[in-house]
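Student: Below is a structure I'd like to ask you about.
The values are calculated or read from the model by the stated rules, or taken from the named source; none is laboratory data. In this text the structure is predicted, and so the values were computed from the model without any measurement. All Cβ positions, even for glycine, are placed from backbone atoms using ideal geometry, and neighbour counts span all protein chains on display. The protein model used for the area step is the full one, side chains on, heavy atoms only, and it has no ligands, DNA or RNA in it. Shrake-Rupley method; radii C 1.70, N 1.55, O 1.52, S 1.80 Å.
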Amino acid sequence: MASPATAAINCPNFPTMRLPALLVALAAPLLADDFADSPDFVHAMDIRSEKIDGFPVVLQHGRIRPDFADRAPNPHRERQSLDGPWHFRFDPDNAGLGEKWATRDSLTGWTEVSVPHCWDTMDGGRFWDWSDRGPTNPPFYDGVAWYRRDFVTSAAPGKARRLEFLGVPHRVGIFLNGQRIARHEGGGQPFSIDVSDTLREGTNTLALRIVRLPNYREKPDGGGFDEIDYVHTRHPKAPDNWPYAGIPRSVSLLTEDPAAIRKVQLRPHGDRLQAAVCLSNPGPRTRSVTITLESPATEAIAPRPVTLNPGTKRVLRFDAKLKPDAARWSPGSPALHTLTVTAAEDGQTFDTLRADFGLRGFRIDGSRFLLDDRPVFLKGVAFYEESRSRGNALTASDHEALFGMAREAGANFVRLHVAERHPLTYELANRLGFLLCAEWGGFWYREKAMEAQTRDDRSVYRSLARCALWDLANHPSVVIWGIHNECHQFCPEYESFVKAGHALVDDHDWQQRPVTWAAWHPHQGEPCFEHADAVGFNEYRGAMDPFELLDPDLRRAAAENPGKPLLILENGGWSRRGDRGPKDRKGSEDWQADLLRRQHEVLAGHVPPLAGYTYWLLVDYRSRKPYTGNRDSDGWSRMGLYDEFGQPKLVRDVFRGLDW
């Protein structure tokens, strides 16, 4: 593993970048952290937790992290979309800062694109061609790129203004009118930046400088590539997916009252609905506010007055009785209810916020999962947020198509692997009745990475965890948290790491959902399942390991973890659709389908304690691992029930027919 000092020099070792330009970039104070394997960049996000009025609240840039789910028209909040035409430019020499690309008038050398946008899918991309890692082959370009657009605003006296990004992968510096206003690191989590003091009346220029770190460097002899090991980044090792880059989700400018409602957290509990309304007043004057809650699912809720002094943050707690006929939420009948929070001053409403919720119980009873006290088997699939033609810049129809395939395959459960997803993903799962394993990170961490992520309270792992636990708390579809995937379970750092992940859930999830993780192996090393609520692991016997070890694996996992449910979070094989052949020819459709049949024959005999099964993967996905780096693969890993065009393979029908 490279040391942090070595990684800081090796990270930007792009074949297309001239060494003198690179050394200048690393020497400049503004650029040093952008490429270094250090926590400085994620610390700039300033994501923290603080108890306010006894309730755990997540802060970012000193402000309560706002709600990102309620995007319905609101007469008290003006939302100006910044989607659509932007200008884009690769910056392989890191010239953009010195040449003031964030503000200069000339757009020579820039290309017009439409945001949401993924630079990997731009013209000329060759997902198989590792030999060209520069701007002429966008999927393999690692380094700096810029997005920029102008927009016009009018004066808004007495209002607050903030930029809202639903997700920008990797490292990004945000510039408004030439001033860097924020830095951000991550993948799927939305974020918001107050620009009340930076925005100007008339034309404004917004620019994003995005850095994608490489996960590989060329061998000294030119004979292939070596992985780069990091410590402080989201992906310390090259992940088995495609690290798409760009601005793949919507960007907006919001104009609202400075004391707008930031968030409402909900907890259905028995015949009660508990609510925590999060408020703040960054403005200069004291506000005397009345908060009102209304929902067709509850009896009347008494309004509450609150005084918000300048600079204060408050959390008001409410407890309402649910109506006896309020419909319950389940996969077969996903009834949703809405709570509307209203803020008024002197009898005049100045803000509203809506939150959808579902009434359901989900808990562990011995070795079973119970949904509203009835046993439920989690028959699941996993999928990435990915489109063949748009990369990770999915449309609403793309999101709907993924769930449509999951429904067609007969799944009731979806594992959302190691990243917070687009807010629409969770909303669709709520409406369509899917149970979710929600995750945020922890992909293939090794010793140094686990130690750093555990020790540093503002590490990227802990920061993304706080975001996900805060953002996703109200979704009835989210029934279990997954806190890592295949981290190194053969070292003493591992136990502290999984304990820290579980503690984050304990500290932030008001509903106290159960915790699991995708262990690399069910019993080798020290998987530390004594700290898990459900024993989750990945299992590839028959595909990558001898099939005859599958039954002993399950027997040993059950014996070593008595009284806990077992949950397989990855299992499967691979084939290219249309490649028919003998069942014993690995890689044919017939082999993949037969392998699942044989695995199910074994696994069904372990129900319970086996309480859930996840097929890896719903749809073929792109991977930047070397095994896909050929013209025939074109970057695709062929492990899906469906191919990249959404066409089913033989294994889809086998999966659909599985009876657990």
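Student: Can you give the % of DSSP beta bridges in the chain that are antiparallel, to the nearest 5? Present the calculation step by step, with values, prior to reporting the outcome.
Tutor: Values: 110 of 138 bridges.
About 80 percent, rounded to the nearest 5.
Student: Still on this structure, I have one more. Where the centroid of each part is defined by its Cα atoms, how far is the stretch 226-298 from the stretch 369-439 in Å?
Tutor: Using only Cα atoms, the two centres lie 20 Å from each other.
Student: Which lysines, if any, have their Cα less than 17 Å from the Cα of K499, not counting same-chain residues under 8 positions apart?
Tutor: Here the lysines satisfying the reach criterion relative to K499 are K448.
Student: Evaluate 2.2 N^0.38 Å with N set to the residue count of the stretch 111-233, then give the Cα radius of gyration divided by it.
Tutor: Details: Rg = 17.9 Å, N = 123, 2.2 N^0.38 = 13.7 Å.
Expressed relative to 2.2 N^0.38 Å, the Cα Rg reads 1.31.
Student: Follow-up question, since we're still on this one. Hey, how many Å between the Cα centroid of the stretch 569-618 and the Cα centroid of the stretch 120-148?
Tutor: Answer, in whole Å: 35.
Student: Once you have a ≥ b ≥ c as the square roots of the Cα gyration tensor eigenvalues for the stretch 485-591, tell me rounded if a/c is under 1.5, and otherwise prolate or oblate according to whether a/b is larger than b/c. Spell out each step's value before the answer.
Tutor: Numbers: a/c = 2.49, a/b = 2.02, b/c = 1.23.
Prolate.
Student: Which value results when the Cα radius of gyration for the stretch 149-197 is divided by 2.2 N^0.38 Å? Before the final figure, lay out each step's value.
Tutor: Values: Rg = 12.1 Å, N = 49, 2.2 N^0.38 = 9.7 Å.
Normalised by 2.2 N^0.38 Å, the Cα Rg of the stretch 149-197 equals 1.25.
Student: Using only Cα atoms, what Kirkwood radius does the stretch 112-161 have, in angstroms?
Tutor: Working: mean 1/r = 0.0729 Å⁻¹.
After inverting the mean inverse Cα-Cα distance, the result is 13.7 Å.
Student: Here's another thing I want to ask about it. Compute, for E548, the solvent-accessible surface of its heavy atoms (probe 1.4 Å) with the complete set of protein chains present, and express it in square angstrom to the nearest 10.
Tutor: 130
Student: Let me ask something else about it. Give me the percent of accessible area attributable to carbon and sulfur for the chain, probe 1.4 angstrom. List each step's numbers first, then the result.
Tutor: Numbers: 11620 of 23980 Å².
With neighbouring chains kept in place, the figure for the chain is 48 percent.
Student: With a 1.4 Å probe and all protein chains kept in place, how much accessible area does I181 have, in Å² rounded to the nearest 10?
Tutor: For I181, solvent-accessible area is about 40 Å².
Student: Among DSSP beta bridges whose residues both lie in the stretch 372-513, state the antiparallel percentage, nearest 5. Present the calculation step by step, with values, prior to reporting the outcome.
Tutor: On the way: 1 of 12 bridges.
Antiparallel bridges: around 10 percent, rounded to the nearest 5.
Student: Express the Stokes-Einstein translational diffusion coefficient of the chain in µm² s⁻¹, to the nearest whole number, given a Kirkwood radius over alpha-carbon pairs, 20 °C and a viscosity of 1.002 mPa s. Each step should come with its number before you reach the end.
Tutor: Numbers: Rh = 25.9 Å.
It diffuses with D of about 83 µm²/s by this estimate.
Student: Continuing with the same structure: Any idea what diffusion coefficient the stretch 457-512 gets from Stokes-Einstein, in µm²/s, Kirkwood Rh on alpha carbon pairs, 37 °C, 0.692 mPa s? It would help to have the intermediate numbers written out before the result.
Tutor: Values: Rh = 12.2 Å.
The Stokes-Einstein estimate is 270 µm²/s.
Student: To continue, here is another question. Using a 10 Å cut-off on Cβ atoms, rank the peptides 157-170, 325-338 from the highest mean neighbour count down.
Tutor: Working: 157-170: 18.6, 325-338: 15.0.
Put in order of decreasing packing, that is 157-170, 325-338.
Student: Helix-only mean residue ellipticity at 222 nm, the chain, DSSP H runs n ≥ 4 weighted -39,500 (n - 2.57), per residue, nearest 500. What is it?
Tutor: After summing the helix terms and dividing by residue count, I get -5500 deg cm²/dmol.
Student: Moving on. For the stretch 424-550, what class follows from the C-alpha gyration tensor (a ≥ b ≥ c being the square roots of its eigenvalues): rounded when a/c is under 1.5, otherwise prolate if a/b is larger than b/c, else oblate? Walk me through the intermediate numbers first.
Tutor: Values: a/c = 2.10, a/b = 1.20, b/c = 1.75.
Taking the square roots of the gyration eigenvalues as a ≥ b ≥ c, the stretch 424-550 is oblate.
Student: If you wrap a convex hull around the alpha carbons of the stretch 506-562, what volume per residue comes out, as a whole number of Å³? Walk me through the intermediate numbers first.
Tutor: On the way: hull volume 5.3 nm³, N = 57.
Hull volume normalised by residue count: 93 Å³.
Student: A further question follows. I'd like to know which of I364, H606, F318 lies farthest towards the positive end of the charge dipole of the chain, counting +1 on Cβ of Lys and Arg and -1 on Cβ of Asp and Glu.
Tutor: Of the candidates, F318 comes out farthest on the positive side.
Student: Just to check, using Stokes-Einstein with a Kirkwood Rh over alpha carbon pairs, what's the diffusion coefficient of the stretch 415-484 at 10 °C and 1.306 mPa s in µm²/s?
Tutor: Values: Rh = 12.7 Å.
D, rounded to a whole number, is 125 µm²/s.
Student: OK, next. For the stretch 70-123, what's the radius of gyration and Dmax over Cα atoms, in angstrom?
Tutor: Values for the stretch 70-123 (Cα only, Rg and Dmax): 15.5, 46 Å.
Student: I'd like to know how the stretch 317-434 sits against the 2.2 N^0.38 Å rule of thumb: what's its Cα Rg over that expected value? Please report the intermediate quantities before stating the final value.
Tutor: Values: Rg = 17.8 Å, N = 118, 2.2 N^0.38 = 13.5 Å.
Compactness ratio reported: 1.32.
Student: Might you tell me the accessible area per residue for the stretch 125-221, computed with a 1.4 Å probe and given in Å²?
Tutor: 31
Student: Okay, next question. Could you state, as a whole-number percent, how many of the C-alpha pairs of the stretch 230-385 are farther apart than 26 Å?
Tutor: Values: 6182 of 12090 pairs.
Considering the stretch 230-385, 51 percent of its Cα-Cα pairs are separated by more than 26 Å.
Student: Where the Cα atoms of the stretch 173-252 are projected onto their three principal axes, how long is each span, largest first, in whole Å?
Tutor: Result for the stretch 173-252: principal-axis Cα extents of 56, 24, 21 Å.
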